[in-house]
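Encoded as structure tokens, the structure appears first; notes follow it.
The values are calculated or read from the model by the stated rules, or taken from the named source; none is laboratory data. Remember, predicted model here, so these are calculated numbers, not experimental data. Virtual Cβ from ideal backbone geometry, glycine too; neighbours counted across all protein chains shown.
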Amino acid sequence: MERIWAPWRMSYISNTEHEDGCIFCLAWESSDDQEKLVLVRRQHSLIMLNRYPYTCGHLMVAPVRHTAEMNDLDDDQVLDLIKGVRQACDLLRKVAHPGGINIGMNLGKAAGAGVEEHLHIHVVPRWNGDTNFMTVTGSVRVIPEGLMESYARLAEVLRTDKP
Ligand SMILES: [Zn+2]
């Protein structure tokens, strides 16, 4: 199994216990999309950048409804969530031209969920050789562009060319 080595995620793991509230609910309720890294507000879901990404452009799609259970979502909410995943993929293809995209959910702490109380789907752009590169370079910073720069590029595409 290939693993992406992402040391900056350690700060995420060690910080989450001290944060108040749910990052998805806080993002939805916030009026500052840039500060919360929110890219798209849909009817029942939102698309945001992951502050602690596995790769550059790592997005998350979450239902507006705060729940850990997929069965709590009604059909409209499930459909909007999946459409959000599709929109996130379209956006990444336009901005980052990845060779592939990983889409996945971690349900429960044992499965690796960082935020287990609010469902979210990871949409992670991938490029050929990105894990090899990261394994070899070890401590070298993997993300070649800053988080806010990624946000600005994605937001610009959304402004000019609605996917
Ligand atoms: Zn929440």
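Before we move on, is Leu158 at pLDDT below 95 and not in a strand (DSSP E or B)?
The answer is yes for Leu158.
Of all residues in region 30-61, count the ones that are assigned to a helix (DSSP H, G or I), more than 22 Å from Ala113 (Cα to Cα) and either of a type in the set (D, E, K, R) or touching a Lys or Arg at 6+ places or on another chain (Cβ under 9 Å) (or both).
2
Quick check, is Leu73 among the hydrophobic types (A, V, I, L, M, F, W, C) and within 15 Å of the ligand (Cβ to nearest atom)? Steps first, answer last, please.
Values: among the hydrophobic types (A, V, I, L, M, F, W, C): yes; within 15 Å of the ligand (Cβ to nearest atom): yes.
So Leu73 passes the test.
I'd like the residue in region 84-100 that is small (Gly, Ala, Ser) and assigned to a helix (DSSP H, G or I) and, out of all such residues, is farthest from the ligand (Cβ to nearest atom).
Ala96
Does Leu81 satisfy being part of a helix (DSSP H, G or I), within 15 Å of the ligand (Cβ to nearest atom) and in contact with a strand residue (DSSP E or B) (Cβ under 7 Å, 6 or more places away or on another chain)?
Criteria met by Leu81.
Filter region 89-122 down to the residues that are buried (at least 18 other Cβ atoms within 10 Å of the Cβ) and more than 24 Å from Tyr151 (Cα to Cα) and list them by number.
Residues satisfying the conditions do not exist here.
Name the single residue, out of those in region 101-126 being in a loop (DSSP other than H, G, I, E, B) and in contact (Cβ under 8 Å) with a residue 60 or more places away in the chain, that is nearest to the ligand (Cβ to nearest atom).
Looking at the filtered set, the residue picked out is His118.
For region 18-57, what are the residues that are without any contact (Cβ under 8 Å) to a residue 40 or more places away in the chain and within 13 Å of the ligand (Cβ to nearest atom)?
Of everything in region 18-57, those that are without any contact (Cβ under 8 Å) to a residue 40 or more places away in the chain and within 13 Å of the ligand (Cβ to nearest atom) turn out to be Glu19, Asp20, Gly21, Leu26, Ala27, Trp28, Glu29, Ser30, Lys36, Ser45, Leu46, Met48.
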